[in-house]
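Rule-based calculations on the coordinates, nothing more; no lab input. The model shown is predicted, which means the values in this text are computed figures rather than measured ones. As a convention, Cβ positions derive from the backbone with ideal geometry for all residues, glycine included, and neighbour counts pool all protein chains shown.
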Amino acid sequence: MPIRLEQLGGSLQRNIAPIYLLAGAEPLLVQEAREQVLSAARSQGFEERHLMVAGPKFDWHDELAGASAPSLFTQRKVIDLRLASGKPGKPGAQALGEWAEHPDPDTLLVLSFGSWDAASRNAKWAKTLDKAGVVVEIWPLKPNELPPWVGRRMQAAGLKADREAVAMLAELVEGNLLAAQQEIDKLAMLGSQQTLTASDIQQAVANSARFDGFRLAECALRGDAAECIRVASGLRRNHVAIQPVAAALYNELALTQGLVETRQQGGDERSYFSRARVWPMRQGPMKMAAGRLSPTDLGKAFRCLSAIDLQGKGRKFGDPWVTLDALLVFLCQPRAGFSLAAS
């Protein structure tokens, strides 16, 4: 059943569907929708979660079967399956279609797609999932919708800001909602009770831009390994949580994978950037990465990000920052013979 994003909370209060498909090119909104579903699932006894990132070598049948196998510790579990695009391929389409026809009542399947279009929506497997569960399509904000969205988020965070300050933040983040929320969270941590001005916003964002996750992602796309390690080191010294850093990198790599697929299919890059709302300043680094990284490389990167997520939560052995350093070097120099342990 298709529902709007704002309807998700009410739908979850009424009942938990066996399948949720969350799709769109706004990673923050997809992430928040996923957290709503996972929170509601935990309240209903779905205590165990299996996080999987589907890449080119992902074995759909074996992975889904393994994750849904009975556990000695809990009866109800969640499969948190994430894909960079809305095209799971023939094996994925078959596996998802079969799952939708015979869902496991003790296993909740939560699918997150980093991009979505008419072809994905009209695919047979997507329609089967639509009938079996809940589909939430999340569309990018239009340019005129971004300032009001920023204003609401600032107000929800307890911040006071004049109109020019809201407009300034909306302009500086260039449509990147994850970056916008990150800056709002930082401003809220300062605890200022004064009304923020455009000058306050510009100074705050400029001071934090050097060592934030999106700066790191940009360096990785450009292939600047030395700067990547320097920025990552700064993030760690400043006790930045690994999760938003990994999320920012995942976002940019997912968009890069979409660009790689567009090129392989002979599509128009400008149309892709327009649909994905990749602003001009971000297109150059993304083009550089798309020319350097193959689909196989990106698949390895996504699996490594999954490992970083688990390490950051203490559910997998290893230091997530060390794994991140290895991933950054690989992204910058994929042909240097450097291997990723998590791939």
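If R0 is 51 Å, the Cβ-Cβ spacing of Lys131 and Met189 corresponds to a FRET efficiency of close to 0.70.
Full extension of the segment from Ala156 to Gln265, taken as 0.36 nm per residue of separation minus the current Cα-Cα distance, would add 35.0 nm.
Can you sort Leu29, Leu327 from fewest to most other Cβ atoms within 10 Å of each residue's own Cβ?
Details: Leu29 21, Leu327 27.
Listing Leu29, Leu327 from fewest to most nearby Cβ atoms yields Leu29, Leu327.
Projecting the Cα atoms of Val173, Thr296, Val135 onto the dipole axis of the chain, where Lys and Arg carry +1 and Asp and Glu carry -1 at the beta carbon, places Thr296 farthest toward the positive end. Under the classification rounded if a/c is under 1.5, otherwise prolate if a/b is larger than b/c and oblate if not, where does the range 1-87 fall, given a ≥ b ≥ c as square roots of the Cα gyration tensor eigenvalues? In terms of gyration-tensor shape, oblate. Listed by Cβ neighbour count within 10 Å, with the fewest neighbours leading, Ser85, Ser39, Ser11 appear as Ser39, Ser11, Ser85.
Considering only Ile242, Met281, Ala204, the residue lying farthest towards the positive end of the dipole of the range 152-303 is Ile242, judged by Cα position with unit charges set on Cβ. Computed extension length for Gln7-Asn144: 47.1 nm, one decimal, from 0.36 nm per residue of separation with the Cα-Cα distance subtracted. Charged neighbours of Pro140, selected by a Cβ distance under 14 Å, balance to -1 (K, R count +1; D, E count -1). Of all aspartates and glutamates in the structure, those lying under 13 Å Cα to Cα from Lys186, and not within fewer than 8 positions of it along the same chain, are Asp200, Asp212. Of all lysines in the structure, the ones whose alpha carbon falls short of 18 Å from that of Lys313, not counting any fewer than 8 places away in one chain, are Lys77. Straight-distance candidates among the aspartates and glutamates for linking to Lys57, with alpha-carbon spacing under 19 Å and chain neighbours fewer than 8 residues away dropped: Asp80, Glu261, Asp297. Residues Ser271, Ser192, ranked from the fewest to the most other C-beta atoms within 10 Å, line up as Ser271, Ser192. Shape class of the range 211-343 from the Cα gyration tensor (axes a ≥ b ≥ c, square roots of the eigenvalues): prolate, since a/c reaches 1.5 or more and a/b is larger than b/c. Ratio of Rg to Rh for the chain: 0.95 [Cα atoms; Kirkwood radius as inverse mean 1/r over pairs]. Taking other residues whose beta carbon is less than 11 angstrom from the beta carbon of Phe46, and scoring Lys, Arg as +1 and Asp, Glu as -1, yields 0. At each listed q (0.16, 0.24, 0.32 Å⁻¹), what is the log10 of I(q)/I(0) that the Debye formula gives for the range 9-50 modelled as equal alpha-carbon point scatterers? Reported log10 I(q)/I(0), two decimals: -0.42, -0.88, -1.23.
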